[in-house]
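*Asks:* Have a look at the structure that comes next, please.
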Number of protein chains: 6
Amino acid sequence: MAKLAEIVEFLDQELRTNEVPDYPGAHNGLQLENGGEVDKVAVAVDASLTVIEDAISVGADLLVVHHGMFWRGVRMMTGGNYRRLKAAFDSGLAIYSSHIPLDVHPQWGNNAVVAKEIGLEVDTKFLPWKGIELGISGQWTKTWEELIATVEAKVGPIISSVRCGEQVGRLGVITGGAGSEVEAVKASGIDTFLTGEGPHWSFPLAEELGLSVIHAGHYATETFGVREIGQKLAEKFGLKYDFLDHPTGL
Amino acid sequence: MAKLAEIVEFLDQELRTNEVPDYPGAHNGLQLENGGEVDKVAVAVDASLTVIEDAISVGADLLVVHHGMFWRGVRMMTGGNYRRLKAAFDSGLAIYSSHIPLDVHPQWGNNAVVAKEIGLEVDTKFLPWKGIELGISGQWTKTWEELIATVEAKVGPIISSVRCGEQVGRLGVITGGAGSEVEAVKASGIDTFLTGEGPHWSFPLAEELGLSVIHAGHYATETFGVREIGQKLAEKFGLKYDFLDHPTGL
Amino acid sequence: MAKLAEIVEFLDQELRTNEVPDYPGAHNGLQLENGGEVDKVAVAVDASLTVIEDAISVGADLLVVHHGMFWRGVRMMTGGNYRRLKAAFDSGLAIYSSHIPLDVHPQWGNNAVVAKEIGLEVDTKFLPWKGIELGISGQWTKTWEELIATVEAKVGPIISSVRCGEQVGRLGVITGGAGSEVEAVKASGIDTFLTGEGPHWSFPLAEELGLSVIHAGHYATETFGVREIGQKLAEKFGLKYDFLDHPTGL
Amino acid sequence: MAKLAEIVEFLDQELRTNEVPDYPGAHNGLQLENGGEVDKVAVAVDASLTVIEDAISVGADLLVVHHGMFWRGVRMMTGGNYRRLKAAFDSGLAIYSSHIPLDVHPQWGNNAVVAKEIGLEVDTKFLPWKGIELGISGQWTKTWEELIATVEAKVGPIISSVRCGEQVGRLGVITGGAGSEVEAVKASGIDTFLTGEGPHWSFPLAEELGLSVIHAGHYATETFGVREIGQKLAEKFGLKYDFLDHPTGL
Amino acid sequence: MAKLAEIVEFLDQELRTNEVPDYPGAHNGLQLENGGEVDKVAVAVDASLTVIEDAISVGADLLVVHHGMFWRGVRMMTGGNYRRLKAAFDSGLAIYSSHIPLDVHPQWGNNAVVAKEIGLEVDTKFLPWKGIELGISGQWTKTWEELIATVEAKVGPIISSVRCGEQVGRLGVITGGAGSEVEAVKASGIDTFLTGEGPHWSFPLAEELGLSVIHAGHYATETFGVREIGQKLAEKFGLKYDFLDHPTGL
Amino acid sequence: MAKLAEIVEFLDQELRTNEVPDYPGAHNGLQLENGGEVDKVAVAVDASLTVIEDAISVGADLLVVHHGMFWRGVRMMTGGNYRRLKAAFDSGLAIYSSHIPLDVHPQWGNNAVVAKEIGLEVDTKFLPWKGIELGISGQWTKTWEELIATVEAKVGPIISSVRCGEQVGRLGVITGGAGSEVEAVKASGIDTFLTGEGPHWSFPLAEELGLSVIHAGHYATETFGVREIGQKLAEKFGLKYDFLDHPTGL
C-alpha cells in the first residue's frame, strides 16, 4: 500500500513532468485523483474505455498511460467518455499520463528501451524541438536484414518499410508517430530511421531523400516505457503491477 | 420521473443549443450524463463545487446552469475539480449548461426576463455578434431615479453606476459581463445601459461617450433564465425544481 | 497525338480544378509544361522520382498524378528533387496533378470508384469542408465478413481494422488519409468507415465512439481515380496510356 | 518653474519607461507635449475629460496619469475625445502616462505603497510576465478580520470578497484589475489575494482552488503610485502638485 | 459659410464612408473636429505638417485629404506630430480623410478621373478585394507611344515602365501604390497596367508574366479625387476651395 | 574549371548562408544544380528570364543572383516560369542566390561596398532584426550637395529625395527597399538615410520626423555585392565572370 501523492511526486520528479515540453493536448501528470491509496498499478499505452475496464478488473488503483484522456480538448462527459470516467470514479482508479517526458527519459524512455532491446549503442541525440531532442541514434554495425529480423523479434511485426541503399550506417530511433519527420531526420545525418508510424507521402519523400525507413507500429514501439514505469513503481513502493496489452495494429 | 434524454432533447430544441453561437469555453448542452432518470431538477447560475453539493443535498438528479464546468479548457481532475466531479458522478447528478442560448432566448432569456421585470417594453435588438444580437432595448418613459429604484427592487443592489445627462431615453439591456461594450452600445443609439458588470476603464470611457451605465451585478442579472428553465421543466415533465442561490456579490 | 493545352483544358473543366477547394500544398492543374504535344499518357498516384523515370521509360509525354510535386512548398532544385525535374525537363514530360478534385469527382473520383468496386449504392454525401463534402455513404446490406472480403478482393489487403458492433449499417467511404476524422464521421450517422490510413490514436477513439473502421491503404484506395483519367484521355484524344504501380504498403 | 523635457527625462529614467513591458494600449511616457515649461503638476488615475478639465482649473501644466489616453487604439478626434484634446492643447497641458512601470516600481509603485500602507512586509515577487513579475507577497501575521479592517481603513471600501479557510498566511498584492489571475496566484503559493477588481467567474473558481480574494477597487488601489510621483516631482523640481480624485466605484 | 456637420454628412453619404472597406490604418471620415463652421476648404493628398500649415495660411477651416493622420496607429503627440496637431487645433482646422472610398468612387474617384483624363472608355472593374473591386479597365485603341504621351501630358512624368509586347489592348488603371499586384492584374485579362508606384521586384515578374506596366507616380495619380471633392463642396455649399500641391516625386 | 560543390561550400561559408536570417521567400544558397562543373560565372541582381537567357548566351555554368527564383512561393512551371527553368536545365546553368547574407557581409555586402564607393567611413551598425543589424552608418563630413553628387557619380541617378535640415551629420545606408523604415532609422540617431526605394507615404513621414532621405534605386544599390562575388570566385577558382546588367529604373 502506498500513498498516491507520493507516487505522483516520485513520477513527476523522475520524468521531469513540469519541465519537458509536449503537445498542448498531452496534459502530463496526474489526470484523475482517487481516494489517496494505491495497492496495485496497471500500465498501458492508451487510456481507452477497454483499458480502464481491464485495469479495474485486475484490481488496479492507479493506471499509468502514455496517451492520456485529454488529447482532443474538452469533451462532453457523455456516451463512451461518460462510461470511461464513470468506471474510473466508481472504482477509485487514479490515472497518471506521461507522453514526451516518457519518450525521452534516458533510461525508462520508449526510445531508450527500444534501442537497448535491438542492441543499438546510442551516442547522439537528434531532432531538436522546444529545447529538447526527440530522437536518439547510433551506428548499426550489422546488415539491413539483421536489423529487420531484430526489430521483428524484439519490437513487433514491420508494418511497412522503404529501403534506400545497401548498407545501414547511422540508425535513428523515434518511437510513436514520427514518420513525417523524414526531411529533418535525413538532415541530421541519419541513413536509416526506425519509428512507429507515418503517412503514405513520407515514403516517396524518403526515397527522394535517400533515407531508409522502418515502421514498426506506433503502439508496439510505445509499450516499453510504461512497462519500465510499472517495474520501477513495483520496486520503489512494493506494489504489484500489470501491463495491459491492447494493440491496434497501427 | 422523466427520461434525461427527453429533457435534453427538449432543452436543445427550445434553446437552439446547436445553432446559437457562443464563446469557445461555453460547451452548451449536456455536459455530464447520469443513469438516465430525472426526478428532481436544480437550477443555478454556476456549476461550482458548493452548488453541486447543494444540488445533491436537495436530491436533484439534474442541475441546469448558466455557466458550465469547462470554461477554462481541459483541467486535471484533481483537487477541487476532482471533488466536484466525484460528487456528481457518485450521486448520479447530470449537468446541463446553457450560456448565450439562454441569454438571448426571446421568452426565457436573462435579457428578456430582466426587461419584463423592470417594466421595459422591448422593441429592438442591438450589438450584432456572429449572426445574432446580444442585447435588447426599448424606450424608458420614467425618470432615472425610478429606473434605479426599480432595478434595486427587482434585480438587486446597484454595484456602481455612471450618469450622463438628465433624462433616460433608450434603455439597452445585456445581462452578465457586457460592461466593456460601451462604445458599441452607444453607437447603437442607446443612452442608458443596464448590464451586470464591467471594468473600471469603461466608466471614464462612458463619460466621454455620454452613455449612462448601471451595473446591477453579473450574478444577479443572470439568475432569471435558469429559474425560467426550472419552471418550464416542472410544467412540461411534472418535476419538482429548486433554485440554488449562491451570489458572489459581483 | 494531341495538344497538351487541349488536354489541360479538358481536365480543368471536367475536374473543376479552379473551383474545388484543396489543401494549400496541392496546386492542382498543370504543374509542368512540355513542348506542347502529347502522344502517350502515364497515370500514377505519386510524382516521385521512380514514377517519373518509369513514365519516361514507357515513352509518356504527360504524367497525371494524384499527389503532385509541390506539397512541401518551395524546395531547392538539388539532389533527388533536381534529378526528378531534370529527367522530366529533358524528356519533355508534362505533369498534371489533381488531388481533392479527383477524390470527389462524381464518376471518376477515388471515392466513387471504390464504392462502385465494392458494390455500395451511394445515396448521401458527408463531412462538409470548405463548401464541398469529402465523403460518400450508402447502406451496406451484407455482413461485416463480406465487406472485409470484398475490400480485400477489389481494393487491397486490409492494413488494420477496429470493429464495434455486429452489424454493418451505413457505410462511409473516404479514400486516402482520412482516418483522423472518426469523430465527424460518427456524427454523420455512419457506423462503419472505410478509408486508407489513419493514426494510432484514432482506433481507441473509434472504439469509444462505437465506430467500426477499416484501413485499406492510402495508396491502394487512391489508384482508381488516375486510372479513370487515363481511360478517359485515351477515349477522348485517342491516346495510349499506362498505369504505373508503385505501392508503398501504406 | 521646470523644463518639461527634464521632468520627462527624470520620469523615464526612474520608471524605466522604455524597458518595462506593458499591454499594447498603454503607450507609457509623454503622450502630449506643451510649450515646454511646467509650473504646476496634477496627478490622477485616469486621463478622462473631467480630470483634464480639473487639471486645467487648478492651473496645472503637466498631468501625470496611470491610465493614458490611447488604450483603445486610434480614435477619431471628435465628440468627447475632441473636447478632451482641445482643452489640453488650448491650455498647454502636457500629459505623461505610466502604467505597469508605475505598478511595479519598488518604492513608488501601486503594489509597493499599498503593501506599506496595510503593514505587509514584502519578501517575494510572483506572477512572471514578459520578464518581470506583476505581484508582491509577504506573510500576514494577523487575522482575516484585521486584514479586512486595515484595507477598509487605508485603501477603501471592500467591493466584494470570497473567503476560503480560517487563517491568512501568505498574502499577495496586485493592484488594479488582476482578479482573473486566481489560478496563477494560487499556484504561486499564495492563500489570500488582495487586488482591485475581477470578473464574477473568478469567485467560484477561487472557491474551488481554495484561494481567499479581496477586491478593494481598481480605482482605489491605483491612487497611490501617482501621488508618490506628485510628491517626488514637487521635491525634485520645486513644483506644486495636486491629486485629482475621480473615483468610479469600481 | 456651412456647417461642418452637414459637409461631413454629405461626404459620408456620397463616398459611402461606412460601407466601403479599407486598410486598418485608413480611418475614413472626420478625423478632427473644429468649432463647427466652415468657410473655406483645402484639399490635398497627404495630411502632413507642411500641408496643414499651408491649409491654415490659405485660411481653410476644413482640410480634405486622401491619406489621413492615423496610418501608423497610435502615435505620441510629440515632436512633428504635436506641431501638426497643435497647428490644426489652434486654427480650428477640421480634417476629413477618404482613402479607398475615394479611389473607387464611380465619378469622383482617382481611378475614374484618371481614366477620363487619358481618354479611356471604362467597361469593366477588376481585382476583387473584400467585396469591392479596386481597378477599372477598358480597351485602349491607340498605340503605346500615344498612351505614354497622354499620361505624361495629363497625369505627370512616367517614373519607370516596362513594356511587353507591341500593342496595347486592355488597359487597367489603379491609382496609388498597386504595383505589386501584377500577378492578379495579368490574371484579369489586362495586358497594360497603369498605376502609381510599385516595388523593384514587380518589374522582372511583370516581364515574366508578359504584362506592360507604367508607374506614373503614387502622388500624381492621386491628386484627382480630392480636387473633385473640392469642386463638389464648392458647388454644393457655396464655399471657396484650394488644392494644395505637395508632390514627393514618388 | 571548378566543381560546383566546392564553389557552393565556399559561398555558404563566406556568406554564412545557414546562419544569417532572411525573409521566408529568400531561400538562400544553391537553388538549382547542374552537372557539377563550372567554367564561367555570371552575376546579376535578379534571376529573371532575360537574365538567364543572357547568362546562357555568355556561356555561364553558374549564375549568382541577389534575388532568387522562389520569392513568391510555389509557382506552376508553366509560361514564363517554364521557359526560365527549361533554359537553365537545358544549358546546365546552376543558380545560387544570396539576399540578406549578401546585403550585410562586412566586405562584399551591398551596404559595405556602397559606403566604400561614396567614401563613408562606417563606425556603427543599426536597425536590429532577428539578431542581426540591417544597416551601417558613419559621419558624413561634407555637404548635402557633395553627397548627392557622389551618389549620382558612384551609384546611379537619384530617384527622389526629401531634405530636412541644412547639414548632413550621421549618414545611414541600407541598400534595396528599406524606405519604409524611416521611423526606426530616425530613432537610431541618423539624420540622413541613403536607401534604394521606398513608398510615397514614407516621405511625408520623414519630413515630420526631420529625416533626410535619398532613394538611389533598389536595383542600382544592389549591383555591388554580386559583382564582388564574381570577382572573388574569379580569384579563388580561376574562373571567368560577367556582370549582367538589367536595370528596372526602380
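*Asks:* Out of all the residues in region F:10-33, which are more than 9 Å from chain C (Cβ to nearest Cβ) and of a type in the set (S, T, N, Q)?
*Replies:* F:Gln13, F:Thr17, F:Asn18, F:Asn28
*Asks:* While we're here: Can you tell me how many residues in region F:77-102 are open to solvent by 10 Å² or more (accessible area, probe 1.4 Å), within 14 Å of chain E (Cβ to nearest Cβ) and in contact with a Phe, Trp or Tyr (Cβ under 8 Å, 6 or more places away or on another chain)?
*Replies:* Count: 2.
*Asks:* Looking at this structure, is B:Gly131 among the small types (Gly, Ala, Ser), over 30 Å from A:Leu30 (Cα atoms), touching a residue at least 12 places away in the same chain (Cβ under 8 Å) and open to solvent by 20 Å² or more (accessible area, probe 1.4 Å)? Full working, then the answer.
*Replies:* Details: among the small types (Gly, Ala, Ser): yes; over 30 Å from A:Leu30 (Cα atoms): yes; touching a residue at least 12 places away in the same chain (Cβ under 8 Å): yes; open to solvent by 20 Å² or more (accessible area, probe 1.4 Å): yes.
Judged against the criteria, B:Gly131 is a match.
*Asks:* Got a sec? Which of C:Val45, C:Val8, C:Val20 is farther than 25 Å from F:Asn34 by Cβ and in a strand (DSSP E or B)? Steps first, please.
*Replies:* Details: C:Val8 fails: in a strand (DSSP E or B); C:Val20 fails: in a strand (DSSP E or B).
On inspection, the qualifying residue turns out to be C:Val45.
*Asks:* What about B:Met69, is it of a type outside the set (S, T, N, Q) and under 21 Å from the mean Cα position of the chain (by Cα)? Break it down into steps so the answer makes sense when it comes.
*Replies:* Working: of a type outside the set (S, T, N, Q): yes; under 21 Å from the mean Cα position of the chain (by Cα): yes.
Judged against the criteria, B:Met69 is a match.
*Asks:* Applying the selection to region D:52-69, what residues are surrounded by 23 or more Cβ atoms within 10 Å (Cβ to Cβ) and β-branched (Val, Ile, Thr)?
*Replies:* The answer is D:Ile52, D:Val64, D:Val65.
Yes/no per residue for (1) at pLDDT below 95; (2) under 15 Å from the mean Cα position of the chain (by Cα); (3) closer than 29 Å to D:Ala5 by Cβ:
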| site | (1), (2), (3) |
| --- | --- |
| E:Val38 | no, no, no |
| E:Ala47 | no, yes, yes |
| E:Leu62 | no, no, no |
| E:Gly73 | yes, no, yes |
| E:Asn81 | no, no, yes |
| E:Leu85 | no, no, yes |
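*Asks:* Which of (1) open to solvent by 20 Å² or more (accessible area, probe 1.4 Å); (2) not in a strand (DSSP E or B) does F:Leu30 not meet, given it meets every other one?
*Replies:* With respect to (1) open to solvent by 20 Å² or more (accessible area, probe 1.4 Å); (2) not in a strand (DSSP E or B), F:Leu30 is out only on (2).
*Asks:* Working only within region A:35-50, note down all residues that are more than 22 Å from A:Glu222 (Cβ to Cβ) and open to solvent by less than 10 Å² (accessible area, probe 1.4 Å).
*Replies:* Correct list: A:Val38 only.
*Asks:* Here are some residues: F:Thr50, F:Thr78. Which one is in contact (Cβ under 8 Å) with a residue 12 or more places away in the chain and either within 27 Å of F:Leu250 (Cα to Cα) or touching an Asp or Glu at 6+ places or on another chain (Cβ under 7 Å) (or both)?
*Replies:* Values: F:Thr78 fails: in contact (Cβ under 8 Å) with a residue 12 or more places away in the chain.
That would be F:Thr50, the only listed residue that is in contact (Cβ under 8 Å) with a residue 12 or more places away in the chain and either within 27 Å of F:Leu250 (Cα to Cα) or touching an Asp or Glu at 6+ places or on another chain (Cβ under 7 Å) (or both).
*Asks:* A follow-up question, please. Just to check your reading of the model, which residue among D:Gly210, D:Gly189, D:Gly165 is assigned by TED's automatic domain parsing to the domain that holds D:Ile118, on the phi > 0 side of the Ramachandran plot and in contact with a Cys (Cβ under 6 Å, 6 or more places away or on another chain)? Give the derivation first.
*Replies:* Values: D:Gly189 fails: in contact with a Cys (Cβ under 6 Å, 6 or more places away or on another chain); D:Gly165 fails: in contact with a Cys (Cβ under 6 Å, 6 or more places away or on another chain).
Exactly one residue qualifies, and that residue is D:Gly210.
*Asks:* Something else: Could you please let me know if D:Lys186 is free of Cβ contacts under 8 Å to residues at least 40 places away in the same chain and more than 22 Å from the chain's Cα centre (by Cα)?
*Replies:* Judged against the criteria, D:Lys186 is a match.
*Asks:* Write out, first by first residue and then by second, each pair whose Cβ atoms fall under 8 Å of each other, whose residues are 6+ apart or on separate chains, and whose first residue, in region F:228-250, is within 14 Å of chain E (Cβ to nearest Cβ) while the second is assigned to a strand (DSSP E or B) and among the polar types (S, T, N, Q).
*Replies:* These pairs meet every condition: F:Thr248/E:Ser160; F:Gly249/E:Ser160; F:Gly249/E:Ser161; F:Leu250/E:Ser160.
*Asks:* In addition: Considering only residues that are within 8 Å of chain F (Cβ to nearest Cβ), open to solvent by 10 Å² or more (accessible area, probe 1.4 Å), within 19 Å of F:His200 (Cα to Cα) and not aliphatic (A, V, I, L, M), which ones fall in region E:151-209?
*Replies:* If the condition is that a residue be within 8 Å of chain F (Cβ to nearest Cβ), open to solvent by 10 Å² or more (accessible area, probe 1.4 Å), within 19 Å of F:His200 (Cα to Cα) and not aliphatic (A, V, I, L, M), then E:Ser160, E:Ser161, E:Gly177, E:Glu197, E:Gly198, E:Pro199, E:Trp201 are the ones that fit.
The values are calculated or read from the model by the stated rules, or taken from the named source; none is laboratory data. Every value quoted in this text rests on a predicted model; they were computed, and no experiment measured them. For neighbour counting, all protein chains shown are included, and Cβ atoms are generated from backbone atoms with ideal geometry for every residue, glycine included. Surface accessibility is based on the protein's heavy atoms, side chains included, excluding ligands, DNA and RNA. Shrake-Rupley method; radii C 1.70, N 1.55, O 1.52, S 1.80 Å.
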